[in-house]
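Report on the structure given below.
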Amino acid sequence: MEIPDDVVDCAHRIGKITNYKGKQNRQMIVKLTTWRHRTMIFRARKNNQKYKVRLDLTARRREILQDANKLLNSNMESFAFADVNCRLCWYNCGVYKYFESLDDLWNFF
């Protein structure tokens, strides 16, 4: 996937160098200037398995998401996840609802 240089606002490598299939790899953080290109990257990751793209949730939002999934773990039809815009979302039987805290999630029941 080609990304124009003017779309990349900031990029730098992090972590240790690892070997994967005989090649040296290193994680990278990239900040993009447009949402359109960011969304294109998230959609393209399904077609290209050699690149791994993860959302960067804050510690507080990651904790809320983990607690929500623990809460919903008993019910196999519903689960919580973060969409490509890092919004927390609850899914239940074809219905999607966004939440910001566990109190918001409790209001759906």
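Each row is one residue, and each column tells you yes or no for (1) modelled with pLDDT under 80; (2) of a type in the set (Phe, Trp, Tyr); (3) over 22 Å from residue 57 (Cβ atoms).
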| position | (1), (2), (3) |
| --- | --- |
| 7 | no, no, yes |
| 10 | no, no, no |
| 15 | yes, no, no |
| 18 | no, no, yes |
| 22 | yes, no, yes |
| 26 | yes, no, no |
| 33 | no, no, no |
| 36 | no, no, no |
| 39 | yes, no, no |
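Inspection of region 92-103 finds a residue satisfying the criterion of being polar (S, T, N, Q) and at pLDDT below 85. Residues in region 25-67 that are β-branched (Val, Ile, Thr) and in a loop (DSSP other than H, G, I, E, B) were compared, and the one that is nearest to the chain's Cα centre (by Cα) is 53. Among the residues making up region 88-97, those that are surrounded by 11 or more Cβ atoms within 10 Å (Cβ to Cβ) and of a type outside the set (A, V, I, L, M, F, W, C) are 91, 92, 97. Looking only at region 1-24, residues that are within 24 Å of residue 40 (Cβ to Cβ) and not in a helix (DSSP H, G or I) come to 11 in all. Could you check residue 97 against (1) free of Cβ contacts under 8 Å to residues at least 24 places away in the same chain; (2) out of contact with any Cys (no Cβ under 8 Å at 6 or more places or on another chain); (3) outside any helix (DSSP H, G or I) and say which number it fails? Condition (2) is where residue 97 drops out. The single condition from (1) assigned to a loop (DSSP other than H, G, I, E, B); (2) in contact with a strand residue (DSSP E or B) (Cβ under 9 Å, 6 or more places away or on another chain); (3) among the polar types (S, T, N, Q) that residue 85 fails is (2). Total residues in region 14-32 satisfying the condition of being of a type outside the set (Val, Ile, Thr) and loosely packed, with under 10 Cβ neighbours inside 10 Å: the figure is 7.
The values are calculated or read from the model by the stated rules, or taken from the named source; none is laboratory data. Quick caveat: nothing in here was measured; it's all calculated off a predicted structure. FYI the Cβ positions are ideal-geometry reconstructions off the backbone, even for glycines, and counts take in every protein chain you see.
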